[in-house]
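Trainee: To start, I am sharing the structure in question, which I have written as structure tokens.
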């Protein structure tokens, strides 16, 4: 079948971007008070005092919540144009500096890996060569000890802010600290360079946020008058920095733009709840709701989107100049055209991926609970591992990763070799997957049980990666959950595809007349769609996840299945989680809480006092 013209692909993609960007630049809704006064006529018998009181309240509401994004960018003074120009220039600087910073961060990971393993292990190690087995057992623990040492050297043992903390500090007008950002980056570099089961893209986002705050502080001196004006530009630059981090980390500028609009905008809204929740407690709900909308619209305004796009593009270009073209998944053997009858299969994959992402979140909370201290106020006895000193917990997480890595070396952060193998798997040939996704131990078990497919090693890798990533996050290691989410979702897709293929084979055996009637796509298609669905469920960012896999694979044919599964996963995740929380609240008569919300913390760490 001849390839589809690139012109048509670009037109469709540009149409998607245009429509979605228009959606993410909404007109600010009017406050309930404004709608009530303008939508109904007051009785003629109303007293003048009531009218004056309502007019004053309306004036307050209009001050804290402008009507449209266009009016939000017009300042009361004559410097509106210069303010926007300064913001665009700052966004370009954020993109360039983030590209350089993320490139140096990735090069430092390679340097540490060469120091520890004697070779560049980040280029990919799938366990087919076990010469480094003994090293892989203890070196992740060495990285955990290095993280603990860095933490002990910091005041209050604080490694620096994550994404949620960055947003909260902007809301509270806390000045940025370059030393905190550098310390957090160093801790992430030793965590990943020693092979622990986390990823580098999350720290790249955090580095971009740190760079944006430093640039914003410099650009705001004498240029952005007024606290509200400066805070608005800081929010917008923070979104630009996060987009630049994703663009440089994955070499995916388009996904970086949507990451800022989906994830960062919601993080800003949540930060308003945390920092100004006292107003809601006092009963001023319209005011706090207006502030939430105002903060979110700061990120989604047209001026902000322009800066986000420029920052993401420049960051990706700078990273390409320093690191090369960057990692891109090889072209897979997925079909050139998907049939309508296959979409329910991808809906099912999205639902299962949502459940797997929820399991990942709860597993992380469970492991963190094992380290929890006893609390007399809440009558809790503490976790089973509470006796381990906080300074040794990262080493425990690294040692656990090394132990699991003896059976499944793919859990280590040594590049994307496992993902590459899934993408390049030949259709109807499970041998390469069996060799790459499994291990000598699991291959022996599979051969003994006459399980020739990839179902057993794929499921084993899924559980092993989930356990090691949860342990790494909960023990205090520093790293991201982007890359682990992709591998976890791809493993779900592999197992799901093998189960579908086995079911159809069984049906064809029982009913020979049905042979050839039904078929499913191959492993690469389901693996990539599963990765997008798992990532979308974890971060509640379906468009970001679908476009991320589209940019990594360059597979235009995957867009519809990616969007289908990525849209289903978060719905199942939220629905099941809500039911579980209600069940827990009814059983214990208290609100359920998770210790680690990996959907809100892009780089999730455990900070111990």
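Trainee: Output the qualifying pairs, or none if there are none: Cβ atoms under 6 angstrom, residues six or more apart or on different chains, first residue in the stretch 412-427 and in the same structural domain as residue 397 (by TED's automatic domain parsing) and within 21 Å of residue 520 (Cα to Cα), second residue in a loop (DSSP other than H, G, I, E, B) and at pLDDT 75 or above.
Mentor: That search, which allows pairs on different chains as well, returns 427/522.
Trainee: Which of the following residues is surrounded by fewer than 24 Cβ atoms within 10 Å (Cβ to Cβ) and under 16 Å from residue 352 (Cβ atoms): 551, 557, 577?
Mentor: 577
Trainee: Could I ask something else about it? Of everything in the stretch 506-522 that's loosely packed, with under 11 Cβ neighbours inside 10 Å and outside any loop (DSSP other than H, G, I, E, B), which residue is modelled with the lowest pLDDT?
Mentor: 513
Trainee: A further question on this structure: Do we have residue 461 as in a helix (DSSP H, G or I), in contact with a helix residue (DSSP H, G or I) (Cβ under 7 Å, 6 or more places away or on another chain) and either modelled with pLDDT of 75 or more or surrounded by 22 or more Cβ atoms within 10 Å (Cβ to Cβ) (or both) here? Full working, then the answer.
Mentor: Working: in a helix (DSSP H, G or I): yes; in contact with a helix residue (DSSP H, G or I) (Cβ under 7 Å, 6 or more places away or on another chain): yes; either modelled with pLDDT of 75 or more or surrounded by 22 or more Cβ atoms within 10 Å (Cβ to Cβ) (or both): yes.
Considered against the rule, which asks whether it is in a helix (DSSP H, G or I), in contact with a helix residue (DSSP H, G or I) (Cβ under 7 Å, 6 or more places away or on another chain) and either modelled with pLDDT of 75 or more or surrounded by 22 or more Cβ atoms within 10 Å (Cβ to Cβ) (or both), residue 461 comes out as yes.
Trainee: I've got another one for you. Hand me the list of helices (runs of 4 or more DSSP H) wholly inside the stretch 177-276 holding 1 or more residues that are modelled with pLDDT of 90 or more.
Mentor: Where helices (runs of 4 or more DSSP H) fall fully within the stretch 177-276 and carry at least 1 residues being modelled with pLDDT of 90 or more, they are 178-193, 201-219, 227-250, 253-259.
Trainee: A follow-up question, please. Quick one: is residue 391 at pLDDT 80 or above, surrounded by fewer than 18 Cβ atoms within 10 Å (Cβ to Cβ), more than 21 Å from residue 116 (Cα to Cα) and in contact with a helix residue (DSSP H, G or I) (Cβ under 6 Å, 6 or more places away or on another chain)?
Mentor: It is true that residue 391 is at pLDDT 80 or above, surrounded by fewer than 18 Cβ atoms within 10 Å (Cβ to Cβ), more than 21 Å from residue 116 (Cα to Cα) and in contact with a helix residue (DSSP H, G or I) (Cβ under 6 Å, 6 or more places away or on another chain).
The values are calculated or read from the model by the stated rules, or taken from the named source; none is laboratory data. Since the structure is predicted, the reported quantities are computational estimates derived from the model, not experimental observations. Virtual Cβ from ideal backbone geometry, glycine too; neighbours counted across all protein chains shown.
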